[in-house]
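Okay, structure first, notes after.
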Amino acid sequence: TKDAIVIFGSGYSVGTLKNVRWMRDREIYYWGDIDMDGFAILSQARGYFPQIKSLMMDMKTLEMFKTLTTDSHHKTYKKLENLTKEEAITYEAIYHDAYGKNISIEQEKIPFGYVNNIVELL
């Protein structure tokens, strides 16, 4: 993607970016694992940068790729203040085991062609 950077990995270390001033007025997209931690990290990041838009962190993606779910081995509920309504619905569905117990869809398992189509729409 032209004129873009990608920051990959380190999840909860997103806090190290909170004082990066130039990010405050940039368009920012977040794409993480579809699981309890992925939404917690999104909420944390949006606390620093309210303009963040999520990609593929929704019920549509969860339902489309539910065969890719794995066991996340843990589930800790946190009240997440910075999710959109759609993100919160997906988070609650995961918490309440609507698609299986302790599920996770790791972002790297979603087919690249699908990801590329979503990114091209930006």
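Each value in this text was obtained by applying a stated rule to the coordinates, not by laboratory testing. Since the model is a prediction, treat every value here as computed from it, not as a measurement. Because the Cβ atoms are built from the backbone with ideal geometry, glycine has one as well, and the counts that use them run over all protein chains shown.
Things worth noting here:
- Sum of -39500 (n - 2.57) over DSSP H runs of 4+, divided by residues of the chain (222 nm, nearest 500): -9500 deg cm²/dmol
- J(HN,Hα) series, region 112-122, from Karplus relation 6.51 cos²θ - 1.76 cosθ + 1.60, nearest Hz, glycine and proline x: 4, x, 5, 4, 4, 4, 5, 5, 4, 6, 6
- The order of the peptides 81-88, 70-77, 41-48 by mean Cβ neighbours within 10 Å, most packed first, is 41-48, 81-88, 70-77.
- Descending semi-axes in whole angstrom, ellipsoid equivalent of the chain, from the Cα gyration tensor: 23, 18, 12
- Label point distance in nm, Thr1-Glu86, each placed 7 Å from Cα along Cα→Cβ: 1.5
- Of the cross-linked pairs Lys2/Lys101; Lys79/Lys109; Lys78/Lys109; Lys53/Lys101; Lys85/Lys109; Lys53/Lys75, those separated by over 29 Å at the C-alpha level are Lys2/Lys101.
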